[in-house]
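Asker: Questions regarding the structure given below will be posed in turn.
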Amino acid sequence: MIRFSFSSLYMAILFSNLLILLLYLVFRSRKLLASIGLPSLTAVLCIAILRMVFPIELLFLSRNIYLPEVLSCCISFLLHPCFFGGRFSIWSFLKVIWGTGIVISLFLYVKRERAFAKYLRISVRELPDSSDAIRILREIQQEIPQTQRIQLRTLSGLPSPSIYGFFRPCILLPEELSLDQEQLGFILRHEVTHFVHHDLYKKLGMQLLCILYWWNPLCHNLLRQVDAVLEMQVDQKIALQPEQKLNYLSCLLKIARQTDRSLCTASMISFCDSPYSPLRQRVDMLIHEEETGYSKRQKHCLLLALILLFLLSYVYIFEASSISNEEAAGSVEPTAENSYFIKREDGQYDFYLNGKYTGIADSLEYYPDDIPIYER
């Protein structure tokens, strides 16, 4: 049986936040970044995201580890129903605030995207068929047939070449930017590779995850880490030879000098000017990707350890050792004569003592076995 509870939520937040902090330290160290390598970074990101997406408890698998009394009392205080006749707790109000924040964040996100789409319809300009950019894009589309529906447009004030749009993908080039044919080739291949890798959808998923966990600042740091890894993956696909790398880095630095991000939007993937895309780490990874670093065996051991910890985070759940329902009842001992349960649809139980509702019980292991259980 699967259950979402306060305990399963903070276990998911605890585990994923530890991984995000670990990645933060890795991104700050050039040596670690080059040693661990891009595949291992991607694997750690996937594990952190999976744990946040599934903050659940597997009842048939989980084992409780009871917290110290001080922490248990704090959790019991949050979960203890003490408002509106014992129907609502502080945790109930926090869930309402959480849900309200999700609705507001989603509304603001949609509003920004609609405003940008409206601006795009008015301001975007087509390129003549004789232009170098159109010719290079058509050559790329002949090599990669699934990119035939990608369009190419220019936009005034755009800080960096970008790809935008899920149903009508379009590569946007800054109208004011002067590029030679080699640089155009790098940029167009870069954006086309994002499309082939479905990176727009990956970024959309991360945006929705940040909306879901809007109150967690580390989740927004996770978005920056994902964006950086997506860019690094594409960088390594484009610049293969040493000479190509030098020219590609020159192009990257040229675009990076334009720092106006007023036209950036969350659903757009920019060549190098995204506020979530750290330029230094991309350059380091591109230059040092061939360094030995950790051996494959060490990387596999690291990955296996993370997977084991991921599974253990579902097996062992930190629970409060005190029982809030007994506290609500003034430490009255529940018996078959003075109490009963009513089973809820979600698998939990409404607990009644001396004819009064005292709260919800997640588990019956702390109560006498002879207490009656009724169906609603």
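The values are calculated or read from the model by the stated rules, or taken from the named source; none is laboratory data. Note that the structure is a prediction, hence the values are computed from the model and not measured. Here the Cβ is made from the backbone with ideal geometry for all residues, glycine too, and neighbour counts use every protein chain on show. For accessibility, only protein heavy atoms count, side chains too; no ligands or nucleic acids. Shrake-Rupley method; radii C 1.70, N 1.55, O 1.52, S 1.80 Å.
Asker: Over the chain, one equal point on each Cα, no solvent: what is log10 I(q)/I(0) by the Debye formula at q = 0.06, 0.08 Å⁻¹?
Answerer: Taken in order of the listed q values, log10 I(q)/I(0) reads -0.34, -0.56.
Asker: Moving to a separate point now. From the phi angles alone, apply the Karplus equation (6.51, -1.76, 1.60; θ = phi - 60°) to the range 300-312 and give each ³J(HN,Hα) in whole Hz, x where the residue is Gly or Pro.
Answerer: 5, 5, 4, 5, 5, 5, 5, 5, 4, 5, 4, 5, 5
Asker: Between Leu21 and Ser295, 0.36 nm times their residue separation minus their Cα-Cα distance comes to what?
Answerer: Taking 0.36 nm per residue and subtracting the Cα distance, the gain is 96.3 nm.
Asker: Same structure again: Between Val70 and His197, take the C-beta separation as r, use R0 = 41 Å, and let me know the FRET efficiency to the nearest 0.05.
Answerer: 0.30
Asker: Nearest 10 degrees, 0 to 90: what angle lies between the long axis of helix 199-212 and the longest principal axis of the chain (Cα atoms)?
Answerer: Compared with the principal axis, the helix lies near 30 degrees.
Asker: Further question: Amide H neighbours of Tyr349 under 5 Å, counting only residues 5+ apart in sequence or on other chains, H built in-plane at 1.01 Å?
Answerer: Arg344, Ala361
Asker: First select every other residue whose beta carbon is under 13 angstrom from the beta carbon of Phe318; then total the charges, Lys and Arg +1, Asp and Glu -1.
Answerer: -1
Asker: Right, another one. Output the peptides 49-58, 100-109 sorted from most to least packed, where packing is the average of other Cβ atoms within 10 Å over each peptide's residues.
Answerer: 49-58, 100-109
Asker: In addition: If packing is taken as the average number of other Cβ atoms within 10 Å across a peptide's residues, how do 172-183, 215-226, 189-200 rank, most packed first?
Answerer: So the peptides 172-183, 215-226, 189-200, ranked by packing, come out 189-200, 215-226, 172-183.
Asker: Does anyone have the angle between helix 90-123 and the longest principal axis of the chain? Alpha-carbon axes, 0 to 90°, nearest 10?
Answerer: 20
Asker: Determine the share of the range 156-230's accessible area contributed by carbon and sulfur atoms, expressed in whole percent, with a 1.4 angstrom probe.
Answerer: That fraction is 63 percent.
Asker: Taking Cα atoms, how many degrees apart are the long axis of helix 6-28 and the longest axis of the chain, rounded to 10 and kept between 0 and 90?
Answerer: It works out to around 30 degrees.
Asker: Still on this structure: Calculated from DSSP H runs of 4 or more alone, at -39500 (n - 2.57) each and per residue, what is the 222 nm mean residue ellipticity of the chain, nearest 500?
Answerer: -18000 deg cm²/dmol
Asker: Counting only DSSP beta bridges with both residues in the chain, what percent are antiparallel, rounded to the nearest 5?
Answerer: Percentage antiparallel, nearest 5: 60.
Asker: Enter the accessible area per residue of the range 82-200 (Å², integer; probe 1.4 Å; all protein chains in place).
Answerer: For the range 82-200, the per-residue accessible area is 57 Å².
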